[in-house]
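Data first, discussion second: the structure below is written as C-alpha cells.
The values are calculated or read from the model by the stated rules, or taken from the named source; none is laboratory data. Computed from a predicted structure; not experimentally measured. Backbone-built Cβ (ideal geometry, glycine too); neighbour counts: all protein chains shown.
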Amino acid sequence: MALRRGTLNLYLVTDPGLCPGPVLIDTVRAAVRGGVSFVQLRDKHATTAARVDAARALMQVLCGTGVPLVINDDLEAALAAGVDGVHIGQGDVNSDVARARLGPDKIIGLSCETPAQVRAASTQHVDYLGLGTVFPTATKADHKPTIGLDGLAEMVGLTHLPCVAIGGLKQAHAADVLATGCEGMAVVSAICGQPDPECAARDLRRALAPSSETSS
C-alpha cells in the first residue's frame, strides 16, 4: 500500500505498557472506528517473532479499512509479516537498504529530530517524516531535546515530504500542529490506555479535521 493523502492525519503509535497483550488489538480496533488513519506498531523490547505475531493480528483488524500498518525499526518483522512498511529512526537500517528490500510500493517513514536531519532526508528514499519530539513525553524517555511548535514549523518548511508531528501531543495541540504545515499528528497515550479509545480517537479526529468538515 502506497502512502495516500490524508492517511497521516491521525497517526497512532502503539505502546506495550499502555496496551499490553490482547488489549493492543482491542485498542487499535476501537481507535480505527474512532478515526485513526495510520497505525505504527512500536515495541522496542519485543523479539522480531513477537512483532510479527502482533502485526499479523493487527492486519486482520485493519483489513478492509484502508488504514496502513507499519512496524517501528524492525525491517525483518515488516518483511515477514507483510505489513505496509516500516518506520525507521536515524540509527536504524539505512533507508536505501529498506527501500531495496521492501520494494517501491511500501511505505517508509523516517524520524527527524533536527533541521539537519530533515535536510538530509530530501535525498533519501522515504515517503514521510516524523518530526519531534515536540513536547516532553513519558512514552519515550530517551528522546532528544524537545523542539516545540516553532521548531516543528521550521523543520516542516525545510522539506517537500509530508510530515507528521510526534511527542507529547494532545487534542488541544491539533490546530497548532496543522498550522505548522504538518499533515497530522502522532499520538500514543492520547489513545492508548484511555478508558474509551474510540471516543478519544473521534475527538482527536474532529480536532484535526479541516474547518469545512467541522462546520458541516
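This table checks each residue for (1) more than 28 Å from Asp203 (Cα to Cα); (2) of a type outside the set (S, T, N, Q); (3) touching a Ser or Thr at 6+ places or on another chain (Cβ under 9 Å).
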{"residue": "Arg5", "(1), (2), (3)": "no, yes, no"}
{"residue": "Leu8", "(1), (2), (3)": "no, yes, yes"}
{"residue": "Val13", "(1), (2), (3)": "no, yes, yes"}
{"residue": "Ile25", "(1), (2), (3)": "no, yes, no"}
{"residue": "Arg42", "(1), (2), (3)": "no, yes, yes"}
{"residue": "Gly85", "(1), (2), (3)": "no, yes, no"}
{"residue": "Gly89", "(1), (2), (3)": "yes, yes, yes"}
{"residue": "Leu102", "(1), (2), (3)": "yes, yes, no"}
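Restricting to the range 167-197, and then to whatever is charged (D, E, K, R) and touching a Ser or Thr at 6+ places or on another chain (Cβ under 9 Å), can you tell me which residue is surrounded by the fewest Cβ atoms within 10 Å (Cβ to Cβ)? Please lay out each step first, then the result.
Here is the first cut: in the range 167-197, the residues charged (D, E, K, R) are 170, 176, 183, 196.
Adding the requirement that they be touching a Ser or Thr at 6+ places or on another chain (Cβ under 9 Å) leaves 170, 183.
Numbers: Lys170: 14, Glu183: 22.
For the range 167-197, the residue satisfying everything is Lys170.
Table: residues versus (1) touching a residue at least 60 places away in the same chain (Cβ under 8 Å); (2) under 16 Å from Pro136 (Cα atoms); (3) among the hydroxyl-bearing types (Ser, Thr, Tyr).
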{"residue": "Leu169", "(1), (2), (3)": "no, yes, no"}
{"residue": "Ala172", "(1), (2), (3)": "no, yes, no"}
{"residue": "Asp176", "(1), (2), (3)": "no, no, no"}
{"residue": "Gly181", "(1), (2), (3)": "no, no, no"}
{"residue": "Pro197", "(1), (2), (3)": "yes, no, no"}
{"residue": "Leu204", "(1), (2), (3)": "yes, no, no"}
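The number of residues in the range 1-40 that are within 20 Å of Pro162 (Cβ to Cβ) and either assigned to a strand (DSSP E or B) or over 16 Å from the mean Cα position of the chain (by Cα) (or both) comes to 7.
Whenever a residue of the range 88-102 is without any contact (Cβ under 8 Å) to a residue 40 or more places away in the chain and closer than 9 Å to Leu75 by Cα, its partners that are among the basic types (Lys, Arg) and in a helix (DSSP H, G or I), lying with C-beta atoms within less than 9 angstrom and at least six residues away or across chains, give the pairs Val93/Arg101.
Screening Ala49 with (1) surrounded by 15 or more Cβ atoms within 10 Å (Cβ to Cβ); (2) aliphatic (A, V, I, L, M); (3) assigned to a helix (DSSP H, G or I) gives one miss only, at (1).
For Leu152, indicate whether it is over 13 Å from the mean Cα position of the chain (by Cα) and at pLDDT 95 or above. Yes.
Here Arg205 passes the criteria (1) crowded, with 18+ Cβ neighbours inside 10 Å; (2) at pLDDT below 95 except the one numbered (2). Given the options Ala100, Ala138, Ala78, name the one that is within 23 Å of Arg51 (Cβ to Cβ), buried (at least 22 other Cβ atoms within 10 Å of the Cβ) and of a type outside the set (Ser, Thr, Tyr). Within the list Ala100, Ala138, Ala78, the selection yields Ala78.
Going through (1) surrounded by fewer than 21 Cβ atoms within 10 Å (Cβ to Cβ); (2) under 24 Å from Gly17 (Cβ atoms) one by one, Gln117 falls short only on (2). The number of residues in the range 168-198 that are assigned to a helix (DSSP H, G or I) and farther than 21 Å from Pro20 by Cβ comes to 9.
With aliphatic (A, V, I, L, M) and over 20 Å from Ser122 (Cα atoms) as the only criterion, which of Leu102, Leu8, Leu3, Leu24 stands out? Even if it seems obvious, please write down each step before you answer.
Numbers: Leu102 fails: over 20 Å from Ser122 (Cα atoms); Leu8 fails: over 20 Å from Ser122 (Cα atoms); Leu3 fails: over 20 Å from Ser122 (Cα atoms).
That would be Leu24, the only listed residue that is aliphatic (A, V, I, L, M) and over 20 Å from Ser122 (Cα atoms).
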